[in-house]
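Right, one structure below, let's go through it.
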Amino acid sequence: MVGCYSDCCRFLQLDQQSRELSQRHVTKRAKKLRVKEKEIKLKPVIAFDFAEIRERDWCNVVTCHMDTAQAYVWRLQNFVLGEHILKPCPENQIPVKACAISACGNFAVLGTAGGWIEQFNLQSGINRGSYVDLSERSCAHVGEVVGVAYDSTNTLMISAGYHEVWDFKGRGLKSRWEIGCAVVKIVYHRSNGLLATATNDFVIRLYDVVALRMVRKFEGHIDRVTDLCFSKDGKWLLTSSMDGTLRIWDVSLARQIDAIHVDVSVTALSLSPNMDVLATTHVDQNGVYLWSLGWTWTTGGLGCRLLD
């Protein structure tokens, strides 16, 4: 999945293989129900996650929507909206800001603007409980939850606002890292157990979730970081920023290996599994742009070319 906007998500490999997950026939349904179209149309997607492992069994895509106090599930197999709606904190009606699906494909976790984190069963849609720090407060975070992730073995769940690591089954707090500035984005690589975070000081920090410590710190961006993406093997980390650059970092060598300057700042990015195609979206642009990546031996860096 490489991009999301409005009330749908699009999947892209080749033009002839594009698919769309949407509500379908919204105008027709609105007329039948005698309501305004905007009353039944979902708001723009702000976060999503998916898992291929349970695609044939039940819904395997979760989406969060702007100013919406619930998350929606979708069936990727037939590209339709699922029957369950995931509703955390029904009495508070706080917008959902982040979501993640477990490695096994059975569970989804949601983080809200009010600091609540709740887990749901995807097959039944039933709420399986909240993550709570009993020593200090009734909910998981003091402020907004900006990101959540599961590890590969259903042992840990990671949340960001603060950096917090939770026990998957008991939903108790195991560790917290306070870094003195606000977290704006996270991405977790399940295979190597590294969590990459972007903060409002424009610094990228990498944490070893198992060892519970920071292992890398990347500096170079001079404006807000908009997105992060690991390569499939976890050796590279790609970051984009409002400073008009897309930077590529070597995780093992702890250094930047290339930087790409673009005319219009990148807002989101995704690298293909074989690391030869990069998908990007840009400020005020409605399309998804595909770039061909390749190592250039003459310059000792990456060559990047926009595909026709």
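The values are calculated or read from the model by the stated rules, or taken from the named source; none is laboratory data. All values reported here derive from a predicted model rather than from experimental measurement. Quick reminder, even Gly has a Cβ in these numbers, built from the backbone with ideal geometry, and neighbours come from all protein chains shown. The area values use the complete protein model at the heavy-atom level, side chains included, leaving out ligands, DNA and RNA. Shrake-Rupley method; radii C 1.70, N 1.55, O 1.52, S 1.80 Å.
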- Message: Being under 12 Å from ASP227 (Cβ atoms) and either in contact with a Ser or Thr (Cβ under 6 Å, 6 or more places away or on another chain) or open to solvent by 30 Å² or more (accessible area, probe 1.4 Å) (or both) is the filter here; which residues of the range 254-269 pass it?
- Response: VAL266, THR267, ALA268, LEU269
- Task: Determine whether LEU194 is buried (at least 18 other Cβ atoms within 10 Å of the Cβ) and modelled with pLDDT under 90.
- Result: no
- Message: Here is a list: GLN77, GLN119, GLN93. Which entry is surrounded by 14 or more Cβ atoms within 10 Å (Cβ to Cβ) and not aliphatic (A, V, I, L, M)?
- Response: GLN119
- Item | Among the residues listed as ASP276, ASP233, ASP201, the single one being farther than 18 Å from LEU293 by Cα and of a type outside the set (A, V, I, L, M, F, W, C) | ASP201
- Close pairs from the range 67-85: first free of Cβ contacts under 8 Å to residues at least 24 places away in the same chain, partner in a loop (DSSP other than H, G, I, E, B) and acidic (Asp, Glu), Cβ under 6 Å, at least 6 apart: GLN77/GLU55
- Is there a residue being part of a strand (DSSP E or B) and surrounded by fewer than 18 Cβ atoms within 10 Å (Cβ to Cβ) anywhere in the range 202-209? yes
- For the range 235-289, name all the residues that are in contact with an Asp or Glu (Cβ under 9 Å, 6 or more places away or on another chain) and free of Cβ contacts under 8 Å to residues at least 12 places away in the same chain. none
- Query: Taking into account only those residues within the range 272-295 that are assigned to a loop (DSSP other than H, G, I, E, B) and within 19 Å of ILE46 (Cα to Cα), which is most open to solvent (accessible area, probe 1.4 Å)?
  - Reply: ASN286
